[in-house]
There are 4 protein chains.
Amino acid sequence: MKRIGILTSGGDSSGMNAAIRAIARSAISAGLEAYGINYGFAGLVAGNIRKLDSSEMDGVIDRGGTLLYSARFPEFAQEQTQLKGIAQLKKFGIDALVVIGGDGSYHGAERLTQHGFNSVGVPGTIDNDIPGTDFTIGFDTAVNVALDALDRVNDTATSHQRTFVVEVMGRGAGDIALWAGIAADADAIVIPEREYDIKEIAEKINRNYANGKQHGLIVLAEGVMSAADFKDKLDEFSNFETRAITLGHVQRGGRPTAKDRVLATRFGDYAIRLLLEGKGGLAIGIHDNQLVATDIIDTLENHKHQTDVSLYDLNERVRF
Amino acid sequence: MKRIGILTSGGDSSGMNAAIRAIARSAISAGLEAYGINYGFAGLVAGNIRKLDSSEMDGVIDRGGTLLYSARFPEFAQEQTQLKGIAQLKKFGIDALVVIGGDGSYHGAERLTQHGFNSVGVPGTIDNDIPGTDFTIGFDTAVNVALDALDRVNDTATSHQRTFVVEVMGRGAGDIALWAGIAADADAIVIPEREYDIKEIAEKINRNYANGKQHGLIVLAEGVMSAADFKDKLDEFSNFETRAITLGHVQRGGRPTAKDRVLATRFGDYAIRLLLEGKGGLAIGIHDNQLVATDIIDTLENHKHQTDVSLYDLNERVRF
Amino acid sequence: MKRIGILTSGGDSSGMNAAIRAIARSAISAGLEAYGINYGFAGLVAGNIRKLDSSEMDGVIDRGGTLLYSARFPEFAQEQTQLKGIAQLKKFGIDALVVIGGDGSYHGAERLTQHGFNSVGVPGTIDNDIPGTDFTIGFDTAVNVALDALDRVNDTATSHQRTFVVEVMGRGAGDIALWAGIAADADAIVIPEREYDIKEIAEKINRNYANGKQHGLIVLAEGVMSAADFKDKLDEFSNFETRAITLGHVQRGGRPTAKDRVLATRFGDYAIRLLLEGKGGLAIGIHDNQLVATDIIDTLENHKHQTDVSLYDLNERVRF
Amino acid sequence: MKRIGILTSGGDSSGMNAAIRAIARSAISAGLEAYGINYGFAGLVAGNIRKLDSSEMDGVIDRGGTLLYSARFPEFAQEQTQLKGIAQLKKFGIDALVVIGGDGSYHGAERLTQHGFNSVGVPGTIDNDIPGTDFTIGFDTAVNVALDALDRVNDTATSHQRTFVVEVMGRGAGDIALWAGIAADADAIVIPEREYDIKEIAEKINRNYANGKQHGLIVLAEGVMSAADFKDKLDEFSNFETRAITLGHVQRGGRPTAKDRVLATRFGDYAIRLLLEGKGGLAIGIHDNQLVATDIIDTLENHKHQTDVSLYDLNERVRF
């Protein structure tokens, strides 16, 4: 092992730069060379590849987004394109590839591994919906960004005795909604993992108004339905004033939290240490607070992210 | 003069609590009593009025929203309702009323003044669209909240080479869009006060991409059109990838900035000092960095807020 | 079990209010009554105790500090004083006590338990130095507050090619220093758990300057020595310009992060559920991401907090 | 006029990068070339000068510190050194120099102007203590950073019924202390511009405790004395528990606020427009909300910054 490549793919998440830095620095520290691949798998196939110096990694740990850029590249589903990518890696003398990203990015890394090119996946996505890890890079930042918005919305809602339906990101997983919802004292959290009854939610909010609460808050995961649609349905059962908000893409970027930076640093360094031990074809993760690495093919094909739905029940006990 | 009343009305803005505190404390400091009226003009007519102690004003300066609550109350356009409000004020022995709020709130204060009840308007709205003042309470906070979102969006946009259309609040005025847009290095700022040509905007963004800029940003004032509509029109002239975001109600609440707290404190205290001098029927403001007070009836009927459109031209020079 | 008491003791930490809310709400939700004890053990002995309604718990989850106040009360080390406290609890019909706080607070809970009064400890301290848990309430917020400061200091240090020694809280444990230091790209992290060689640190910083880094950053745990003293020693071995900063008490308060709010909510609810199962005399914690409860006497007498020093080695690999 | 040079000097302040960007872009937009001089006057004399492209100015407006770096360089007080600087400017074909910085930086610009080299000063310092302007770049950010700390300190102080003495920056001017102090509900603000009586301050805080306030806060400008010394003196007159904090260098860096970014953009663009009109030897500023430019020699020799001490009296009326 002499050279490792790094790319980011899929939606950006805060802490990706911290992961890039950790991978590059940990590699350099072990006597390897680190190469950055711009624009994800598209850049890989195009050979948009450059050596990374340690000093380039100064001043990036606090930046959102990804300095290696990302790009959509559905063409990478084709075997021929994958082989072109491997040819580029070999041309640059790269022995192993670390891919930071979400589900789709992992599938790219899985394919390369299946073709015999040692590829490791580092989970970077705000949705927290990747198998093989309890937490992904960017999740903590996204939850805190959503929470900032919810705290502000609570001020406005209370001032006007209104109820807000706030849609947070999470197409396939309710994790952001659960964490931000508990933290914001939401009356109801609506996630794909659990049944919901809009009439019951309306009644609960009415009950809370009657008990002196000055506002209502529903935190809704994107994957369930849109905030506007939810508001319309809620209005059928309620006579309080309701507003819908979709937080959208403002949840991705921004300065990463300490937790995301440390997690990204641990993941990145762990990937390099495993590669140095001769291991590969792995999905990096954290499980029960321990760094773990599982077979990337098995992880993607046989496992699914498990949202901690006990948090849903918890919220029912503290916000009844 | 022995007792003054305070109410907040219209959309909440950050710093309203700082204004309430300043009015109450400055009144108490001058030997007056301060009464808070809950739920705006609705609460006024209903007699939802209570004495405010100085110690209740501890720990409120840093809170968003309004501790006196607000409420929509179109009925206050009727003279009979206005007279009921005055009757309540007299019942509580209140000699003058300070109303914190936006355009509609000012009209309420204007009506009471026309009926002979000394009422003073303090400008509190995030939109900065009130005549008689260069800046309103909550504007600076709203701009910074919008800017936080824009900075994050820039991270994501750069990571993906995308262009974002971000709609900020401002139904009648482009002030938030102008300030946040300049501060976020926006390629284009679209406001009601200025003509715009979507084709030219698309060309400018294309030019910037060609010069190495990794993303595009358009900041759009709510009053022009929706972000989704703007994106659709932009897509007709462009082939870059575009996303639309509407920041919405997250821009209202939250911890007020230092500027909003100091401005609110100056306004509130100034209102009391003018009342103590026997003046009334005034709109409080700041003009060219000096506290000013103008006749509330004349201000509302003969003046309009002037957005500083020189900022628009400025942005064209620094983001060409 | 009918009534539970809640008190906060020792230094405040962000998320204590979230814990109070969770304990009170979870108790009320289970049919119990919740009583708040003001001013810690001092208020307990004085009988400063009041019933908490669920609606009082609205709007507190986002507030720093503790709404039940805290107080130093060394007199509680005396058995007689402890028995007075128990008498007060019995007078109010309280069957079990949940104490939120740090080391000293736990000892109070331990004493009451030894006297036969069922007391549960919930770990709330920014230092993360309590046995029986991997993380304490307030730690994540404190790390992020410290990190905000370090990010800003890095801007200034880079502008002037300076090295800053920043002292963060942590009398007995280097956890804040480790997390904030890794996240801020610190050249060196100095903690009580590890030997350090100031000359080597100076040499490392010199090496980094030579490699193009524009500044130096040393994050120092309070327990090692003061920033001013460290700077003086460093100056003996270096010729770069150095400044010392002590962050101090600004690290305690402020809006809690999502992680601290969720952790506090889980801890508080778990304490109530254990009490409902008839258990008691416990220290609540989280270990390997699972809620745990250990015997409070055994925990305090036979266990010590284990700082994760693997993070120290990690930093050496990513910031060489 | 064909080429303009830009340098930053003295202590960094947030928004300097926004000013650099505005100067460079506004120059380029007008057909000029912009040159950046690294490391202040030291770099000027050494000829550390490079052309700035517009695209280099992407993504810098949100960054604290200064991308052109700063440096102490007392040697620039010597005429010979100044002439060397001018020789370097001429060597690079630079026709005019814009200096962003504080008092010392202005003196450098003044000397160059006296030697016949057209130099313009743009006020960038957190202390707000430069003649010729009501506000400097970085002041608003520094006030908000200090305020964040004060809000957090208030949480802790209230939890423990303590009084905190918090020293903020401002060697010669009390502006940061005044703004942050008003905004944080400080019991007392101690600034160089006003007499103070520590005994009276102690009595006021005691009075406030007696009236139910749960804590005390004194905001102290660095120029008066250290927080530790103030605390010692205060302890002679009080029996409440007091803590001292020095915020120090954490107040300089960080993401600039919207206000600082817009102000910096206006200043930078204005400097270029004046240079294009053939003017020079000027100090740029904002007075009564209007951009102004005054003779830099006259401004420095015959004028002093006027702190708005009416804010001091204001605080006495709202925090009695």
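Just so it is clear, none of the values below were taken in a lab; they were calculated from the coordinates. Owing to the predicted nature of the structure, the values given are computational and were not obtained by experimental measurement. Note that we place each Cβ from the backbone using ideal geometry, even for glycine, and neighbour counts take in every protein chain shown.
Tabulated values for the structure
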quantity	calculated
Set of aspartates and glutamates with alpha-carbon distance to A:LYS233 below 17 Å, sequence-local pairs under 8 removed	A:GLU167, A:ASP187, A:GLU195, A:ASP197, A:GLU200, A:GLU203, A:GLU222, A:GLU241
DSSP bridge orientation in chain C - percent antiparallel, rounded to nearest 5	25 percent
Relative contact order (%) - chain D, alpha-carbon pairs under 8 angstrom, separation at least six	23 percent
Minimum Cβ-to-axis distance in chain D for the rotation onto chain A, with residue, whole Å	D:ARG255, 4
Over 25 Å (Cα to Cα) - which of A:LYS2/A:LYS91; B:LYS279/D:LYS213; A:LYS279/A:LYS304; B:LYS2/B:LYS91; A:LYS304/C:LYS304 fall in this group	B:LYS279/D:LYS213; A:LYS304/C:LYS304
Table column - 3J(HN,Hα) (Hz), region A:6-21, Karplus curve with 6.51, -1.76, 1.60, x for Gly and Pro	10, 9, 10, 8, x, x, 5, 9, 5, x, 4, 5, 5, 5, 4, 4
Computed over region D:188-227: relative contact order in percent, which uses C-alpha pairs under 8 Å that are six or more apart	61 percent
At 7 Å out from Cα toward Cβ: B:ASP53 inter-copy label distances (nm, ascending)	1.8, 6.6, 6.7
Region B:37-107 versus region C:1-28: alpha-carbon centroid distance in Å	35 Å
Charge tally in the Cβ shell below 10 Å around C:SER119, where Lys, Arg are +1 and Asp, Glu are -1, C:SER119 excluded	0
Euclidean distance of C-alpha centroids, region D:235-295 and region A:131-161, integer Å	33 Å
Copy-to-copy label separations for C:GLY116, where each label sits 7 Å from Cα toward Cβ, in nm and ascending	7.6, 7.8, 10.0
Cut-off 10 Å between beta-carbons: net charge of the residues surrounding A:HIS287, Lys and Arg +1, Asp and Glu -1	-3
Global geometry of the protein assembly as shown, whether rounded, prolate or oblate, following the gyration tensor of its Cα atoms and the 1.5 cut on a/c	rounded
14 Å beta-carbon shell around D:ILE296, net charge (K/R +1, D/E -1)	-3
Distant-in-sequence amide H partners of C:GLU33 (H built 1.01 Å from N, under 5 Å)	C:ARG3, C:ILE4
Straight-distance crosslink candidates among lysines, where the alpha carbon sits under 16 Å from D:LYS259 and sequence neighbours closer than 8 are dropped	B:LYS259
Region C:276-291 - phi-based ³J(HN,Hα) in whole Hz, Karplus 6.51/-1.76/1.60, Gly and Pro as x	5, 7, x, 8, x, x, 10, 9, 7, x, 10, 9, 6, 6, 10, 4
Karplus 3J(HN,Hα) series, Hz, for region C:180-194 with 6.51 cos²θ - 1.76 cosθ + 1.60 (x for Gly, Pro)	5, x, 4, 5, 9, 6, 5, 5, 9, 10, 10, 10, x, 7, 9
Residues whose placed amide H lies under 5 Å from that of C:PHE164, excluding near-sequence neighbours	C:GLY216, C:LEU217, C:ILE218, C:ARG243
Built amide H within the under 5 Å cut-off of C:ILE137, gap 5+	C:GLY124, C:THR125
For B:GLY212, inter-copy label distances in nm, listed shortest first [label point 7 Å out on the Cα-Cβ vector]	1.6, 6.3, 6.3
Within the protein assembly as shown, percent of DSSP bridges classed antiparallel, to nearest 5	25 percent
Helical mean residue ellipticity (222 nm; -39500 (n - 2.57) per DSSP H run of 4+; nearest 500) of the protein assembly as shown	-13500 deg cm²/dmol
